[in-house]
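The values are calculated or read from the model by the stated rules, or taken from the named source; none is laboratory data. Being a predicted model, the structure only gives us computed values, none of them experimental. Every residue, glycine among them, receives a Cβ derived from its backbone with ideal geometry; neighbour counts consider all protein chains shown.
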Amino acid sequence: MVRHPRKPYPWLDDRRFSTIAALACLFCGGCGFTSCPNFFWRIPADRAIQEDSIRESVFRYRIEPWQGNGPFFLSVDRKDPSDEFMARFATLNRTVKKASGSYFKEGWLRDRSTDEKAVAFSVDSICWMSLDRVEVRGGMYCGGLCADGGVYRLRKKNGLWGVEEYERQWVS
């Protein structure tokens, strides 16, 4: 007669364990680490429109106080923004272009069409903290020792998104 070793928890068979593990993953937002509590009930129905307004607010926050007229180059999620998005900056008295219009030469970012020194701003992931608060990763680059990156914290007040804080996480 063969005796099987006693299980420490006889009530927890393989099928029950699989079910419990699957439910835990579902309710805890997945099995991996997520840096952003991106719960479905915290995201507004008009998310795409809101996110473009958030990105615009971040770019204006960086461009408007900048000394000089640019040129400034923008990227969203490491790609060129759409033409519709770029039209939001048409009334700004600064030269604002898509990131693909820039290149690196002699230690500086430059405009492909004029060869002027330039500044690039980027916005990456948007993390919804609530319906009126978000955190956005992004930064600035103008040359080998001219760059920064961090987290922008924005809040929606009276229907408009505004940057409340920029937490610089690195500088070059």
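In a residue-by-residue description of the stretch 102-113, the property of being aliphatic (A, V, I, L, M), more than 21 Å from S172 (Cα to Cα) and more than 13 Å from the chain's Cα centre (by Cα) applies to no position. Here F59 clears all of (1) closer than 18 Å to M129 by Cβ; (2) among the aromatic types (F, W, Y); (3) at pLDDT 60 or above except the condition numbered (1).
Looking only at the stretch 84-129, residues that are part of a loop (DSSP other than H, G, I, E, B) and not hydroxyl-bearing (S, T, Y) come to 10 in all.
Checked against the criterion of being out of contact with any helix residue (DSSP H, G or I) (no Cβ under 7 Å at 6 or more places or on another chain) and charged (D, E, K, R), the stretch 85-92 has no qualifying residue.
Within the stretch 113-136, residues that are farther than 11 Å from K156 by Cβ reach partners that are assigned to a strand (DSSP E or B) and acidic (D, E) with beta carbons closer than 6 Å, at six or more positions or on different chains, in the pairs A118/D111; C127/E135.
All conditions but one from (1) touching a helix residue (DSSP H, G or I) at 6+ places or on another chain (Cβ under 8 Å); (2) closer than 30 Å to N158 by Cα; (3) not in a helix (DSSP H, G or I) apply to E56; the one that does not is (3).
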